[in-house]
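The values are calculated or read from the model by the stated rules, or taken from the named source; none is laboratory data. Note that the structure is a prediction, hence the values are computed from the model and not measured. Quick reminder, even Gly has a Cβ in these numbers, built from the backbone with ideal geometry, and neighbours come from all protein chains shown. These accessible areas exclude ligands, DNA and RNA; they are computed on the full protein's heavy atoms, side chains included. Shrake-Rupley method; radii C 1.70, N 1.55, O 1.52, S 1.80 Å.
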Amino acid sequence: MKKIILAASFLLHLSCYKAQDTLQSRNLEKDIALINAETPTLIENKTPFFQKEWVKKSVAPALLFTAAAATWGEKENIREVRNRYLPTFKARYDDYLQYAPAATVYGLKLAGVKGRNNLGRATLSYVTSLAIMGILVNSIKYTAKVERPDGSKNNSFPSGHAAMAFTNASFLHKEYGMVNPAYSIAGYSAATFTGLGRNLNNRHWLPDVLAGAGIGIISTELGYFFIDKIYKNKGDNLSILSRIQGNDYPSFLAIKFGAALGTTNFLKESDLDNRKQVGFEGGLEGAYFFSKKWGVGGDFSFSSFPVKPIKESLDNDENFGNYSIITQSLGFLSAGIGPYFSHEFSDKWQVTLKATAGYSATASGKVFIKSDDIDTPTHELPIARYKPKPAFRWNTGASVTYKFNPGLGLTLYSEYNQVKSTIRYHFSDEIKESDELNEELNHLIAKERINYITLGLRLTAYF
């Protein structure tokens with residue numbers, strides 16, 4: 001404050017005594033320059049939200065995810081176009097082209113071409129990006145369980161090839177895009193042709209490819225974001241998320257993974273409560289704090305719950321002999337938003353509480369009989385398909401974070417979740433003809449209040 005008052009005095013002095021000699025004026029101007037250099041700027045020009053760098057760079061993933069959602073209902077019609085004009089197309093180039101951008105990065109570095117980081121730092125950022133991409137892709141794949149267009153498996157959405165290709169393209173862009181834009185163009189072109197190949201080869205629906213591309217781009221941004229925190233932003237200073245300016249509040253972004261434990265109400269009405277098994281949860285979470293204590297945040301998570309096969313009451317059937325009924329795991333894709341409260345006990349330890357509400361999409365699954373006596377290649381006979389209806393979901397939780405440095409910490413978290421959904425089973429024609437099995441499975445149509453507790457770890461980066 002004294003410096004500000006002193007500066008104002010000097011300015012007033014200059015305006016009142018313009019006729020003073022040149023030497024005195026120059027001395028005063030030097031003094032004022034020194035004061036201004038040492039005095040913090042009180043008024044800063046704020047960049048409009050949509051002109052902020054991180055917002056601009058978020059447009060591509062957001063558009064890709066939106067396009068995936070928009071084309072979901074038309075995926076069959078889009079495939080029909082492929083089937084009409086290229087029904088026999090088969091070229092495996094996409095299995096190899098997905099790795100070309102990453103191979104280019106290492107080729108350039110080994111050739112001595114300087115990029116944003118040295119070889120070791122670039123590798124660490126790349127491996128982190130791959131880990132995030134792998135968690136996101138596989139969590140969604142085995143939660144959504146979308147059948148591939150060729151009918152081979154139920155792990156179509158999202159495309160792992162597209163996610164890998166765009167992770168690698170973003171890696172090339174971040175390391176060498178500022179050296180020459182041609183590297184970025186080549187990398188994203190290779191990734192685009194990889195995604196196109198997955199569609200033409202009838203291995204993925206178009207929404208699978210679009211969502212995979214979005215995941216690949218955002219995974220690389222997150223990978224660089226977390227590694228920047230470890231290196232205290234001394235490496236890739238042009239990383240998009242590392243440009244977010246801190247406000248000394250506990251705002252954070254985290255990737256999480258843990259176990260999901262069903263409570264006693266889980267699948268109780270379906271008589272499968274005692275058959276539930278420990279599931280898993282993975283996803284992203286973040287919050288922006290407006291003060292030291294309070295903020296608003298949300299999470300985007302995937303959870304899956306295996307169900308033990310039914311064996312003991314269905315033995316020695318005259319048609320199948322010893323057999324079991326297998327129910328595929330229940331899967332949920334959830335998102336929520338709500339208030340966050342934080343308290344720092346010290347520079348190293350912090351406790352956070354939260355309560356969120358949102359939406360939980362569900363994955364369909366199969367129920368089938370498995371027996372060595374069933375005369376099919378897989379020894380399986382379909383019984384039914386089930387589909388839990390999307391439903392309202394709320395959760396509350398607490399976490400404890402140990403900070404390695406002001407920008408990075410490891411968090412132990414625990415949450416309670418509740419989803420109330422109706423699970424309906426649609427029986428196959430073969431089973432409907434069997435009164436015994438129809439009666440055995442009829443009680444599996446029920447409304448369920450699905451409660452579960454999650455316990456796991458988060459890698460938390462503060463901004």
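Considering the range 334-399, the qualifying strands (runs of 3 or more DSSP E), each wholly inside and each with 2 or more residues that are of a type in the set (S, T, N, Q) and more than 20 Å from the chain's Cα centre (by Cα), run over 349-362. Would the range 61-83 turn up any residue that is open to solvent by 60 Å² or more (accessible area, probe 1.4 Å) and closer than 18 Å to GLY187 by Cβ? No: the range 61-83 contains no residue that is open to solvent by 60 Å² or more (accessible area, probe 1.4 Å) and closer than 18 Å to GLY187 by Cβ. Filtering the range 330-344 to residues that are open to solvent by less than 10 Å² (accessible area, probe 1.4 Å) and over 22 Å from SER421 (Cβ atoms) leaves TYR340, SER342. A single member of LEU200, LEU130, LEU119, LEU110 is more than 30 Å from ALA335 (Cα to Cα), in contact with a helix residue (DSSP H, G or I) (Cβ under 9 Å, 6 or more places away or on another chain) and either of a type outside the set (A, V, I, L, M, F, W, C) or touching a residue at least 60 places away in the same chain (Cβ under 8 Å) (or both), and it is LEU200. Flag set for THR123, criterion: assigned to a helix (DSSP H, G or I) and at pLDDT 90 or above. Of the residues making up the range 99-119, those that are surrounded by fewer than 17 Cβ atoms within 10 Å (Cβ to Cβ), of a type in the set (Gly, Ala, Ser) and either at pLDDT 90 or above or within 13 Å of LYS174 (Cβ to Cβ) (or both) are ALA103, GLY107, ALA111. For the range 95-106, the count of residues that are touching a helix residue (DSSP H, G or I) at 6+ places or on another chain (Cβ under 7 Å), more than 23 Å from ALA163 (Cα to Cα) and in contact (Cβ under 8 Å) with a residue 24 or more places away in the chain is zero. For the range 180-202, name all the residues that are over 15 Å from PRO101 (Cα atoms) and open to solvent by 50 Å² or more (accessible area, probe 1.4 Å). Across the range 180-202, the qualifying residue is only LEU196.
Taking each residue of the range 305-328 that is assigned to a loop (DSSP other than H, G, I, E, B) and looking for partners that are at pLDDT below 60 with beta-carbon atoms closer than 6 Å, six or more apart or interchain, yields ASN322/ASP315.
For every residue, the table says whether it meets (1) without any contact (Cβ under 8 Å) to a residue 40 or more places away in the chain; (2) surrounded by fewer than 21 Cβ atoms within 10 Å (Cβ to Cβ); (3) not charged (D, E, K, R).
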{"residue": "SER346", "(1), (2), (3)": "yes, yes, yes"}
{"residue": "GLN350", "(1), (2), (3)": "no, no, yes"}
{"residue": "SER360", "(1), (2), (3)": "no, no, yes"}
{"residue": "ILE374", "(1), (2), (3)": "no, yes, yes"}
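For PHE404, the conditions (1) assigned to a strand (DSSP E or B); (2) modelled with pLDDT under 90; (3) surrounded by 14 or more Cβ atoms within 10 Å (Cβ to Cβ) all hold with the exception of (3).
Listed by first and then second residue, the pairs linking a residue in the range 149-177 that is of a type in the set (Asp, Glu) and in a loop (DSSP other than H, G, I, E, B) to a residue that is open to solvent by less than 40 Å² (accessible area, probe 1.4 Å) and at pLDDT 90 or above, with Cβ atoms under 8 Å apart and 6 or more places separating them unless they lie on different chains, are ASP150/ASN202.
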